[in-house]
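Structure, as structure tokens:
The values are calculated or read from the model by the stated rules, or taken from the named source; none is laboratory data. Everything numeric here is computed off the predicted structure, so don't read it as measured data. Neighbour counts run over all protein chains shown; Cβ positions are idealised from the backbone, glycine included.
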Amino acid sequence: MSFDPATDLELTRRFAAAPATVWRCLTEPALIERWFAPRPVVTRDVSLDLRPGGSFRSVMDVPGHGEMPGHGCVLEVDPGRRLVWTDLMRGGWHPNAGSFGFTAVLTLEPEGEGTLYRAQALHRSQEQRAGHEKMGFHEGWGAAADQLGELAASL
């Protein structure tokens with residue numbers, strides 16, 4: 001996968017936790033629920049089948065908008081280093097109706113005693129990228145990444 005700045009968005013963070021600990025936060029449902037959406041959104045009922053073709057499911061309770069279920073498909077798993085999933089499909093490689101339409105590439109690199117975290121959102125078009133950015137990609141994914149780093153450092 002290659003990053004295209006015309007169609008894709010990216011953010012990076014440095015965490016004071018080892019990649020193995022951050023990996024746990026990315027892959028253990030009970031931990032995902034603690035960081036996945038920016039507060040005050042509550043993430044619950046997370047399930048993750050950590051294999052290519054596996055299902056990723058969650059429900060977010062969004063103040064003022066109610067319950068928002070999410071379904072995705074795991075595309076790639078490189079334990080401790082990289083997790084790739086998309087909302088374009090649900091588990092088993094089935095098309096996902098009503099998806100936002102992006103692929104998430106989450107990469108962990110050792111950096112001293114901590115971790116360099118990179119999150120990329122790959123989109124179909126420049127228009128879709130612009131819409132995701134306008135919707136608050138940097139603020140929302142940034143807040144969630146900060147929560148991820150705080151959680152990992154506390155474990």
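Some notes on this structure:
- Enumeration of residues in region 67-95 that are small (Gly, Ala, Ser), assigned to a strand (DSSP E or B) and modelled with pLDDT of 95 or more: GLY72
- Taking each residue of region 6-19 that is at pLDDT 95 or above and looking for partners that are in a helix (DSSP H, G or I) and among the β-branched types (Val, Ile, Thr) with beta-carbon atoms closer than 6 Å, six or more apart or interchain, yields PHE15/VAL22.
- VAL84 being under 18 Å from ASP8 (Cβ atoms), touching a strand residue (DSSP E or B) at 6+ places or on another chain (Cβ under 8 Å) and buried (at least 16 other Cβ atoms within 10 Å of the Cβ): yes
- From the list ASP78, ASP49, the one residue that fits, being loosely packed, with under 13 Cβ neighbours inside 10 Å and under 29 Å from SER2 (Cβ atoms), is ASP78.
- Inter-residue pairs, beta-carbon under 6 Å, first hydrophobic (A, V, I, L, M, F, W, C) and in region 45-64, second at pLDDT 95 or above and assigned to a loop (DSSP other than H, G, I, E, B), 6+ apart: VAL46/GLU33; MET60/ALA37; MET60/VAL41; VAL62/VAL41
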